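Below is one structure, written out as structure tokens; comments come after it.
No lab work stands behind these numbers, since they all come straight from the coordinates. Fair warning: this is a prediction, and the values are worked out from it, not measured in the lab. Quick reminder, even Gly has a Cβ in these numbers, built from the backbone with ideal geometry, and neighbours come from all protein chains shown.
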Amino acid sequence: MPDPMKIRATLQGDVADVRVLMAHPMETGQRKQGGKVVPLHFIQTITAQLNGRTVFSADISQAISRNPVFAFKVKGAKAGDKITVTWKDNEGESRTDEATVRGGS
Amino acid sequence: MRLGSAATIAAGAAVLAACAALQPSPRDAALALMQRDFHAEGIAGMDRLKEDDVQAACNEYGNNPPAELDAKLRAKQYAGVKWPADGKLMGDWKSGEKIAQRGRGMTWRDKPHQTSRGEPNGGGCYNCHQIGPDTTSFGTIGPSLYQFGKLRGYGTEIQRYAYSKIYNAKAYSVCSQMPRFGHAQALTEAQIKDLTALLMDPASPVNSR
Amino acid sequence: MNKSLVLGLAAACAAALLPPAFAQTEDPVAADFDKFRAVLEQDNPAELWEVKGEQLWKTPRGPKRASLEQCDLGLGPGVVKGAYAQMPRYFADVDRVMDAEARIVHCMITLQGFTYEELAKKPFSSATKTPDPVSITTYVAAQSAGMKLAPPQSHPKEKAAYDVGKQIFFYRAGAYDFSCASCHGVDGQRIRTQPLPNFTSPAQAIKANQGWPGYRMTGGVMHTLQWRLNDCFRQQRFPEPDYASEMLSALLTYLTVNAQGQEYKGPGIKR
């Protein structure tokens, strides 16, 4: 089971500022360790849902750095709404975590 | 126990004084703790924890030993400088620049007389010094060596100073923070010659630009 | 001589001429790194290990299948909030001063049945694996974020640890005649472009604690002070310190007491 994400969703007016910290080695397939090339292992897709409705979908590549930070804004959010983020990687592993939108400024 | 007897109080005080005498000084306690809680690893043996005469003096006197001891130690360090048999003190400044840029070697991950990557030890000179005109990522622990020869002259006396300073910095300043690269066998004679050239060759960018 | 070198020299000269109190902040090279660090601190990957560490604290694990929730970090069994800011401290059950990671290792041994040998075998993070004590220490440290450092100095062994730590800090030895003070005992110097705070000065001693445990950009790894001290001794060309040893607790006592009263902001981010 991959390590959990840390999701923070703060409301600014009616826009939720969402910041996601993902734990993932994001191996480029170029790095050598102990003389051997470490195989490609990276997040391929990220999707985000607001109260079960998909609001964001992204395909990313191995060029993204290890333990990436992912930030995006969602319009029409309210305090107490549920943000769910899912990532899937090239080895078939997947992780889903959720957070509640908190009233901010 | 009945209090008040002078003999009892005196005896008690003597016991307390004896106990205080038995408590190790912070330095002795630290030495014992280091001896127990360090371990040899790779080329870094426990002998490295033992102070030599320079380290002992600098530790005892807070890097400021009394004048007589200072002079005696400096003389001994200078006497230990091994001068090149061929009498030449300058090598190749281009090699010297490479040695100055590299900082590896002599740690517990390194090999005897070689870094962990199988390369010659580096001098790590840019860790502490400004040297050439093209490197702005220099440290400030030691003084700038930029224009070293240009400012001091290119004569043999200055060459001897530069060579021996790199070989054993303590020959000139006994509690200097600069490592004794020749004395510790961190750098070879050829490498010290190359570093001397880096500082003293008129064609070296240190002096020519 | 190129322009950036002139600027660098000018800055260095300016820094050298300024009184010591200002020398630290005037280094323009360091200022850029501080800006970079501030931006990254907003979403510090260290938070991932805080979450992981909390899981490890609460999950029954090890041969004894117990959680760490009975671990006494100095404020009573299971009290995590504020404990990190009040360490190192004396623990009667082991009759010695322990820093946070040493205490966590102790609890993993006594409560969960792990052995020192297995925890000390590979105690530092690699790109692919973070040892459990590192994650747990990160979690524990985060629960002291925003608090003032207050390592106690009331027990005789706590005072002795400070004095011993100070001796170690100034002890010149090793192949290069270095002590901790060689780099960290003076104001306003840097190694290459890395500023070296003066840990003997109360104003700068906070930098020995602030940012640790820290997520290190180089390699994308989580490191604690146990790693930092280990790597310092390696660069000092000393032999290797024992992991979570009493000697390191003494050195950490010296460093933390020097910074007492200053705010610890929690796990940080490093180059």
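Couplings for the range C:54-62, taken from phi via the Karplus curve 6.51 cos²θ - 1.76 cosθ + 1.60 with θ = phi - 60°, read 5, 4, 5, 5, 8, 8, x, 9, x Hz in order; Gly and Pro are left as x.
Using the Cβ-Cβ distance between A:F56 and B:M46 with R0 = 60 Å, the FRET efficiency computed as 1/(1 + (r/R0)^6) comes to roughly 0.55. Compute a Gaussian network model of chain B, connecting alpha carbons closer than 10 Å, and tell me which residue from B:I192, B:I99, B:I43 fluctuates the most. Per the Cα network of chain B with a 10 Å cutoff, B:I43 tops the list. How far apart, in nm, are two points set 7 Å out from the Cα along the Cα-to-Cβ line at A:K32 and at C:R271? Going from the A:K32 label point to the C:R271 one covers 2.6 nm.
Farthest toward the positive end of the dipole of chain A, out of A:N51, A:G34, A:V18, is the Cα of A:V18, where the dipole comes from beta carbon charges about the Cα centre. Calculated on C-alpha atoms, the gyration radius of chain C divided by its Kirkwood radius gives an Rg/Rh of 0.98.
FRET efficiency for the B:D92 to C:Q194 pair, using the beta carbon distance and R₀ = 35 Å, is estimated at 0.75. With Cα atoms as the point set, the radius of gyration and Dmax of the range B:85-209 evaluate to 13.7, 40 Å. Evaluated over the range B:93-208, the count of Lys pairs having alpha-carbon atoms less than 20 Å apart is 10 (only pairs 8 or more residues apart or interchain). Among B:W108, B:W93, the ranking by other beta carbons within 10 Å of each residue's beta carbon, starting with the fewest, stands as B:W108, B:W93. The alpha carbon gyration tensor of the protein assembly as shown gives principal lengths a ≥ b ≥ c with a/c of 1.5 or higher and a/b no greater than b/c, which makes the shape oblate.
Residues whose amide H falls under 5 Å from that of C:A66, counting only those 5 or more places apart or on a different chain, are C:R61, with hydrogens built in the peptide plane. Mind checking the angle between helix B:189-200 and chain B's longest principal axis? C-alpha axes, 0 to 90 degrees, to the nearest 10. So the helix axis and the longest Cα principal axis differ by about 70 degrees. Extension gain, C:V94-C:A31: 0.36 nm per intervening residue step, less the Cα-Cα distance, totals 18.3 nm. Relative to the longest principal axis of the Cα atoms of chain C, helix C:28-41 runs at roughly 30 degrees. Within the listed set B:L195, B:L187, B:L33, the residue fluctuating most in the Gaussian network model of chain B (springs between alpha-carbon atoms under 10 angstrom) is B:L33.
By how many degrees, between 0 and 90 and to the nearest 10, does the Cα long axis of helix C:100-112 differ from the longest principal axis of chain C? It is inclined by approximately 20 degrees. Counting only DSSP H runs of at least 4 residues, each contributing -39500 (n - 2.57), and dividing by the residue count of chain B, the helix-based mean residue ellipticity at 222 nm comes to -13000 deg cm²/dmol. Put in line by how crowded their Cβ is, counting other Cβ atoms within 10 Å and starting with the fewest, B:E60, B:E97, A:E27, B:E41 read B:E60, B:E41, A:E27, B:E97. Among B:R102, B:R48, B:R180, the largest mean-square fluctuation in a Gaussian network model of chain B, built with springs joining Cα atoms closer than 10 Å, belongs to B:R48.
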